[in-house]
Each structure stands twice: as C-alpha cells, then as structure tokens.
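**Student:** Once you've had a glance at the structure underneath, I'll fire off some questions.
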Amino acid sequence: MTQYISLEEAKALPFWRRPVSLLFLMALAMPIAFNTWSALLNNFVIEVADFDGADIGLLHTVREIPGFLAVGVIAIIIFVREQVLGLVSLVLLGAATAVTAWFPSMGGILTITMLSSIGFHYYETVNQSLQLQWLKIEDAPRMLGWLLAAGSFATLIAYLAIMALWETLSLSYNIVYLAGGGVTVIIALFAMVAYPQFEAPTPQNKTMVLRRRYWLYYALQFMGGARRQIFVVFAGFMMVERFGYEVHEITTLYLINLVANIFIAPLMGRAVGYFGERRTLGFEYIGLVLVFLSYGGVYYLGWGVVVAAMLYVLDHMFFGLAMAQKTYFQKIADPADIAPTAAVAFTINHIAAVFLPVGLGLLWLVSPAAVFFLAAGMAAVSFALAMLIPRHPTRGNETIFSAGLPQAAQ
C-alpha cells in the first residue's frame, strides 16, 4: 500500500528515505542516461547516419518539442502525483536511451529522440517543482549546488567508464547506450518502491498560471532557452566537425566539465546565497558574452583546438549559475504556483528551442561564426534583464520597478 506522509513527518524517517535523499537519487539517475546519450550523439549520427549541420539542427528541434509541450504536465498532475510522474518520466528516458542504437536511420533516430526527450523534459519540469516545494528558501541555493554536483559525479562515473573501456574493449554504441539507459531505469524503479509519497504543505494549483508579476522570470527563461540551444547543439558539433574529435576525446571534455562541477557547483550555490540572484546572473551572462564571441574567433582568427576546448569548458561552467533563476522564482512565487509555473516556464524556455536549431543549422552551413555571434547578443540581452532583479526579491518586489508598489495578484 502506498504511504503518504507530510514533509514534517518525513523528518522522522531514516535519512536515506527523506525527500532530500530522493532528490539526490533522482539527480544521480537522470544524467547517467541523458549524458551517455549526449556523449555519443555527435559521433553516432555522423558515423551511422551521415548527418550534417542541417540534420543535427533538425534532430535537436525534434528533441525540444516535448519541452515546448511541457505545459501538458499541468493536465497530467490532475490525475498523477508529481513524484510518480517524475519517476515514470525517468523510466521512459532510460528505456529510450537504452535502445537508441537499434534505430540507426534518420527516421529511427528522430523517433527515439522524441521518446527520450518526453521523459527528460517531463522529468525536469517535475523535478524543478519538487525541488522548490521540498527545499526551504534559505537552504535552496546551497542544496541546488550540491544536487548539481551529485549529477556531475554520476555522469563522471559513466564517462570514466566510456573513456576507459571504449577502445580497450572495442565497445559498440549499442552496448554503451544499453548500459547507460538501463542504470537509469533500475534507479527509477527502486525509487518508486523504496520511498513514500511526500506531501508538500501547500497544495499546487492544477490549472495554467500566467501572472504579470512573474514576467521577468518568464523573460529570463525564454532567453536562457534560446541561448542554451547554441551551446547544446553546436558547441560539441563544432569540436567533431572542425577538429575531428572522436568519442573518447569528446568524453574527455565532458570529464573535465564534470570534475569542475563536482567541486565548483557547491561554491556556485553558496555564491547565489551570498551575492544574490542579480549579481550572480549578471556575472554568468557577461562571461557567456565573452565565451561566445571567442567561439567566433575560432573561425575568424583561426584559433586552434586547445582554445576551443577551453571555451567549451568555460561555457559549461557558466551555465551552472543558472540555478539562480530557480531561487529567484522561489522567492517571488506564491507557493501554490510552483508546479504550474514550472511547466509554463519550461514551455517558454523551449519556444525558441523548437525553431532555432533548424534555422541556425542552415546558418551554420553559411557561417558557423555567425551562430556564435548571435548567441553573444542573446547573452547580452539576458544580462540587461538580470539587472532588473532587485537585490532582495520577494513577493511584491519582483523587479526593480515594483519596489514600493501594491502587490498584484496577477
């Protein structure tokens, strides 16, 4: 029989069965499947399906469609608890990843990518909601940093295995995908059985929520989704296409990112708590402007593979500071709005993501540098938006324009 307990009652459980432990378990499970898929993707599609820049853009457009439809989570949680939906989504992500190599054609790759993406995006939507409901405001920045570090540690183990065994055992794409996806499925099924259903103190709204006072959060989400696509789609593709990186070399870059995140992510969490969301996000966006401009220099100035690899690592590290968007929303949100707004924000985040990869894939064929210069412009717009966050955001003080104004309900 399913056990339902409140967050207060959960404090009496053994530590490994408490809500925060479940958050850490999920943080370990998701990256194993997703990053195994990501690490092999560029080489897999180029070697098996002969993809070019336009094809990879189409693939990522398909991958982002479920993110655009993440608002559908609101309808699902009317009938299915968020915790259950999150774990079922993890199972779908892992299972789809496991069978990726069974479909080595354009149509097969697009289909299995769509299925894994539904699992990934619905999991991420629910996971963000559960984090903000289950973590106290004063603890959230620090704990989000540790959750990011935990995910990096899990992925590190997977990448070390790929690096050590890919050439040594002459592993196939099929074996690695089966292993990575299978581990995620096993962890998710264990979590379904081992943990009770946790009840947050505030029931969540089960209808779509769009409030005027959240407009800055929506804008930051939109720009973040547009900018992120350029890194996710084209930064790794550049390393393979321009510099001929092989699977173990791409994995080495990921490995460096993961080691850095394990140590730096908790410090990032502390930085958000100490400096505040405005300063932290401002620092992130200035850094990203410089990184994307430098990516363009790889093409216009002929910078070599070492510079490109360093930029790739810095790029990834700056994105870790985006946790400040979560804590900003947690501070300004009505507690009952967290779940529906997480779904709406994911959809907003993916509006540009659905259209950009294909368009930018075509631009890539003409000028790869132009793609990165466009990303620098997006980061600059994000910086301007971040400067509108007040030093101490709260309900009724959502932007620098709202201080002292009566709090609006909508």
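The values are calculated or read from the model by the stated rules, or taken from the named source; none is laboratory data. These figures come from a predicted structure and were not determined experimentally. So basically every Cβ, Gly included, is an ideal-geometry build from the backbone, and we count neighbours across all protein chains shown. With ligands, DNA and RNA removed, areas are computed over all heavy atoms of the protein, side chains included. Shrake-Rupley method; radii C 1.70, N 1.55, O 1.52, S 1.80 Å.
**Student:** Top to bottom by accessible area (1.4 Å), largest first, where do Phe222, Phe243, Phe318 land?
**Tutor:** Sorted descending by solvent-accessible area, the residues read Phe222, Phe243, Phe318.
**Student:** Over the chain, what relative contact order in percent results from Cα pairs under 8 Å that are six or more residues apart? Please report the intermediate quantities before stating the final value.
**Tutor:** Working: 656 pairs, mean separation 116.8, N = 410.
Averaging sequence separation for qualifying contacts and normalising by length gives 28 percent for the chain.
**Student:** With the Cα gyration tensor of region 137-231 in hand, give its eigenvalues times 5 under a square root as the equivalent ellipsoid semi-axes, listed largest first in whole angstrom.
**Tutor:** Taking √(5λ) for each eigenvalue gives 35, 22, 15 Å, largest first.
**Student:** Excluding same-chain residues fewer than 8 positions from Lys206, which aspartates and glutamates have a Cα within less than 13 Å of its Cα?
**Tutor:** Glu82, Asp337
**Student:** Show me, for region 108-122, the HN-Hα J-couplings you get by feeding each phi into the Karplus relation (A = 6.51, B = -1.76, C = 1.60, θ = phi - 60°), rounded to Hz, glycine and proline as x.
**Tutor:** x, 5, 5, 5, 5, 5, 4, 5, 5, 5, 4, x, 5, 6, 6
**Student:** For q values of 0.16, 0.29 Å⁻¹, compute log₁₀ I(q)/I(0) with the Debye formula on a Cα-only model of region 25-88, without solvent.
**Tutor:** -0.75, -1.18
**Student:** Under 17 Å Cα-Cα from Lys326, which lysines qualify once same-chain neighbours fewer than 8 residues away are excluded?
**Tutor:** Here the lysines satisfying the reach criterion relative to Lys326 are Lys136.
**Student:** Would you mind checking which residues have amide H under 5 Å from Ser367's amide H? H placed 1.01 Å from N; only 5 or more apart, or other chain.
**Tutor:** none
**Student:** Still on this structure, I have one more. Say the dipole of the chain comes from +1 at the beta carbon of Lys and Arg and -1 at that of Asp and Glu; which of Phe34, Ala235, Val84 then lies farthest toward its positive end?
**Tutor:** Val84
**Student:** Semi-axes of the equivalent ellipsoid for region 199-246, please: Cα gyration tensor eigenvalues, times 5, square-rooted, ordered largest first, whole Å.
**Tutor:** Working from the Cα gyration tensor, I get semi-axes of 38, 15, 7 Å.
**Student:** Kirkwood-based Rg over Rh for region 92-184 (C-alpha set), two decimals?
**Tutor:** 1.08
**Student:** Here's something else I'd like to know. For Thr2, tell me the accessible area in Å² from a 1.4 Å probe, rounded to the nearest 10.
**Tutor:** For Thr2, solvent-accessible area is about 80 Å².
**Student:** Which of Tyr173, Tyr254, Tyr299 moves most in a GNM of the chain, Cα contacts under 10 Å?
**Tutor:** In the Gaussian network model the winner is Tyr299.
**Student:** Compute the signed sum of charges (Lys and Arg +1, Asp and Glu -1) over the other residues within less than 9 Å, Cβ to Cβ, of Pro368.
**Tutor:** Surrounding charge for Pro368 is 0.
**Student:** If you don't mind, another one. Provide, as a two-decimal number, the C-alpha radius of gyration of the chain over 2.2 N^0.38 Å, N being how many residues it has.
**Tutor:** 0.95
**Student:** Determine ³J(HN,Hα), in whole Hz, for all residues of region 158-173 in sequence, where each value follows from phi through the Karplus function 6.51 cos²θ - 1.76 cosθ + 1.60 and θ = phi - 60°; x replaces Gly and Pro.
**Tutor:** Karplus-based 3J(HN,Hα) across region 158-173 equals 5, 5, 4, 5, 5, 4, 6, 10, 4, 8, 4, 9, 6, 5, 9, 4 Hz.
**Student:** What size of dipole, in debye to the nearest 20, comes out for region 227-323 about its Cα centre when the only charges are +1 on Lys and Arg C-beta atoms and -1 on Asp and Glu C-beta atoms? Don't skip to the end; give the middle numbers.
**Tutor:** Values: 6 positive and 6 negative charges, 73 e Å.
The dipole magnitude comes to about 340 debye.
**Student:** Sorted by accessible area with a 1.4 angstrom probe, largest first, how do Ser152, Ser105, Ser294 fall?
**Tutor:** If we order Ser152, Ser105, Ser294 from most to least accessible, we get Ser105, Ser294, Ser152.
**Student:** What are the extents of the Cα atoms of region 335-396 along their three principal axes, in Å, largest first?
**Tutor:** Principal extents (largest minus smallest coordinate, Cα): 47, 26, 9 Å.
**Student:** Between Val313, Val344, Val305, where does the largest GNM mean-square fluctuation fall for the chain, given springs only between Cα atoms within less than 10 Å?
**Tutor:** For the chain, modelled as a Gaussian network with Cα springs under 10 Å, the answer is Val305.
**Student:** Another question, if that's okay. Mind checking the log10 I(q)/I(0) for region 54-107 at q = 0.23 Å⁻¹? Debye, one equal scatterer per Cα, no solvent, two decimals.
**Tutor:** -1.02
**Student:** If Leu144, Leu356, Leu374 are ordered by their accessible area, calculated over protein heavy atoms with a 1.4 Å probe, which sequence runs from highest to lowest?
**Tutor:** Leu374, Leu356, Leu144
**Student:** Cα convex hull of region 240-289: mean projected area in nm², to one decimal?
**Tutor:** Numbers: hull surface 18.2 nm².
The Cα convex hull of region 240-289, projected and averaged over all directions, gives 4.5 nm².
**Student:** If you don't mind, there's one more thing I want to ask. How large is the helix-only mean residue ellipticity at 222 nm for the chain, computed as the sum of -39500 (n - 2.57) over DSSP H runs with n ≥ 4, divided by its residue count, in deg cm²/dmol to the nearest 500? Intermediate results must be reported in sequence, preceding the final value.
**Tutor:** On the way: 16 runs with 297 residues, N = 410.
Rounded to the nearest 500, it is -24500 deg cm²/dmol.
**Student:** For Val84 and Ala370, what is the calculated FRET efficiency with R₀ set at 60 Å and r taken between the beta-carbons, to the nearest 0.05?
**Tutor:** 0.85
**Student:** Let me ask something else about it. Collect residues whose amide H, placed 1.01 Å from N in the peptide plane, falls under 5 Å from the amide H of Glu199; neighbours closer than 5 in sequence don't count.
**Tutor:** Counting only residues 5 or more places away or on other chains, the set is Ile5, Ser6, Leu7.
**Student:** Follow-up. Extending each Cα 7 Å along its Cβ direction at Ala164 and Thr111, get the distance between those two points in nm, one decimal.
**Tutor:** 3.7 nm
**Student:** Sorted from largest to smallest, which semi-axis lengths in Å does the alpha carbon gyration tensor of region 1-131 give for its equivalent ellipsoid, taking the root of 5 times each eigenvalue?
**Tutor:** Three semi-axes, in Å: 33, 16, 11.
**Student:** Within region 295-404, list the trypsin sites (Lys or Arg not before Pro) lying in a DSSP loop whose Cβ has at most 15 other Cβ atoms in a 10 Å radius.
**Tutor:** The qualifying sites are Arg391, Arg395.
**Student:** Per residue of region 10-22, what does 6.51 cos²θ - 1.76 cosθ + 1.60 with θ = phi - 60° give for ³J(HN,Hα)? Whole Hz please, x for Gly and Pro, Karplus curve as stated.
**Tutor:** Those phi angles translate into 5, 5, 8, 6, x, 4, 5, 9, 7, x, 5, 5, 5 Hz.
**Student:** Would you kindly find the accessible area of Trp102, with a 1.4 Å probe and non-protein molecules such as ligands, DNA and RNA excluded, rounding to the nearest 10 Å²?
**Tutor:** 140 Å²
**Student:** Amide H neighbours of Tyr245 under 5 Å, counting only residues 5+ apart in sequence or on other chains, H built in-plane at 1.01 Å?
**Tutor:** Under 5 Å from the amide H of Tyr245: Val240.
**Student:** Rounding to the nearest 20 debye, state how big the charge dipole of region 175-303 is about its Cα centre with +1 on each Lys and Arg Cβ and -1 on each Asp and Glu Cβ.
**Tutor:** In total the dipole reaches around 720 debye.
**Student:** Sticking with this structure for a sec: So how strong a dipole does the chain carry about its Cα centre when Lys and Arg Cβ are +1 and Asp and Glu Cβ are -1, to the nearest 20 debye?
**Tutor:** Dipole of the chain, to the nearest 20 debye: 1240 debye.
**Student:** Please work out whether region 201-338 counts as rounded, prolate or oblate from its C-alpha gyration tensor, where a ≥ b ≥ c are the square roots of the eigenvalues and a/c under 1.5 means rounded, while otherwise a/b larger than b/c means prolate and anything else oblate?
**Tutor:** It is prolate, given that a/c is not under 1.5 and a/b is the larger ratio.
**Student:** Continuing with this model, one more query. Given the whole protein assembly as supplied and a 1.4 Å probe, what does the accessible area of Asp334 come to in Å², nearest 10?
**Tutor:** My reading of the accessible area for Asp334 is about 40 Å².
**Student:** Looking at the chain, which longest stretch skips every one of the GluC sites (Glu not before Pro) that is in a DSSP loop with at most 15 other Cβ atoms within 10 Å, leaving the sites themselves out? Display every interim value, and only then the final one.
**Tutor:** Numbers: sites that count: Glu138, Glu167, Glu246.
Answer - 247-410.
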